[in-house]
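To start, the structure itself, in C-alpha cells.
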Amino acid sequence: MVDLKLLEYLEGFITPKRKSRFLDILEERTNYITVAIEDVYQMHNTSAVVRSCDVFGVQQAHLIESRHGKRLDKEIAMGAQQWVDISRYNNTTDCIENLRDRGYKIVATTPHGSNSSLNNFEFTAKTALFFGTERDGLSREVLERADSFLKIPMVGFTESLNISVSAAIILHALTNKLRRTEIVWRLTEEEKLEKRLDWTKKSVRSLNDVLARFHGTK
C-alpha cells in the first residue's frame, strides 16, 4: 500500500503543473499491453522501443539480455526509462514464464508465415508483444511457445522494418484499438498511486535529505 502521507508530503516539492501532468498521463497508462525485447544488438533500437512505450502509454517493458548485455541508452530513450517500468532478464524462458504467470498472452511479431495481420488483431487477453533481433528476428523458443503471431501488412519489395519502427507502428495501432474497446485497460487506482509516488520521488531534488526530514531522521 502506498503511504499517502508521504505522497502528499513529496508532492509539495513539485509544481502543481507537474503533479497535474502526472495525473493526466496516468489516466492513459496501461498494463494490458506490454512489450518484450529479445536480445536486440543495437542499443539505440532498444532505447527507441522504450521511448515508444512511454509515448503510447505502455507502462512496462521487458528486456531479455542474454547475448549482448544491457541495451538501453538513456540519451536515445530521452528520459523514458524514468517513466516506463523496466524488467530485465538473463534468458527468454524466465521472461515468458513471468509474463504467463501474470496472465499475459505471448504474441510473437514476425513478418513471415501466415500470421494475423495487425489490421485484424483482436484482444482476447492481456497481451505481451515480443520483438526480436534486427537480422534474425525472434528465437525459436519464442516462436514455439507463442500463443499467436502478428505481422504488419507490407506492400513493397522490402519485407521487414527496423525493430524500433515496427514497435512504434504496432503500439500506435494496438493502443488506439484497445482504447476503443470495453476492456478495462487502465491502471488500477493502487497502481496509479504507486506510479505517482515513484514519479514524484524521481522529480524531487535531494530526495534522500527530503525523505530524512519526513521520517524525522535529520
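Below are the figures for this structure:
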item	result
Residue in the stretch 14-31 that is open to solvent by less than 70 Å² (accessible area, probe 1.4 Å), β-branched (Val, Ile, Thr) and modelled with pLDDT under 95 present	no
Residues of the stretch 135-150 satisfying the condition of being surrounded by 14 or more Cβ atoms within 10 Å (Cβ to Cβ) and at pLDDT below 90	Gly137
Residues of the stretch 180-218 classified as in contact (Cβ under 8 Å) with a residue 24 or more places away in the chain and not aliphatic (A, V, I, L, M), total	16
Odd one out for Arg213, checked against (1) assigned to a helix (DSSP H, G or I); (2) over 24 Å from Phe22 (Cβ atoms); (3) over 19 Å from the mean Cα position of the chain (by Cα)	(2)
The one condition in (1) part of a loop (DSSP other than H, G, I, E, B); (2) open to solvent by 70 Å² or more (accessible area, probe 1.4 Å) that Pro153 fails to fulfil	(2)
Pair list, Cβ < 6 Å and 6+ apart or interchain, from the stretch 7-32 residues that are closer than 30 Å to Lys105 by Cα and touching a residue at least 24 places away in the same chain (Cβ under 8 Å) to residues that are aromatic (Phe, Trp, Tyr) and open to solvent by less than 20 Å² (accessible area, probe 1.4 Å)	Phe22/Trp199; Thr30/Trp185; Tyr32/Trp185
Residue that is farthest from Leu99 (Cα to Cα), among those in the stretch 48-65 that are open to solvent by 20 Å² or more (accessible area, probe 1.4 Å) and assigned to a loop (DSSP other than H, G, I, E, B)	Phe56
Flag for Ala168 being under 20 Å from Val55 (Cβ atoms), among the small types (Gly, Ala, Ser) and either surrounded by 15 or more Cβ atoms within 10 Å (Cβ to Cβ) or at pLDDT below 90 (or both)	yes
Failed condition for Arg100, given (1) closer than 22 Å to Thr30 by Cα; (2) in contact (Cβ under 8 Å) with a residue 24 or more places away in the chain; (3) assigned to a helix (DSSP H, G or I)	(2)
Which numbered condition Asn45 fails, given (1) open to solvent by less than 50 Å² (accessible area, probe 1.4 Å); (2) modelled with pLDDT of 95 or more; (3) not basic (Lys, Arg)	(2)
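The values are calculated or read from the model by the stated rules, or taken from the named source; none is laboratory data. Just so it is clear, the structure is predicted and the values come from calculations on it, not from any experiment. Ideal geometry is used to build each Cβ from the backbone, glycine not excepted, and the neighbour counts take in all protein chains shown. All accessible areas refer to the heavy atoms of the entire protein, side chains included, with ligands and DNA or RNA removed. Shrake-Rupley method; radii C 1.70, N 1.55, O 1.52, S 1.80 Å.
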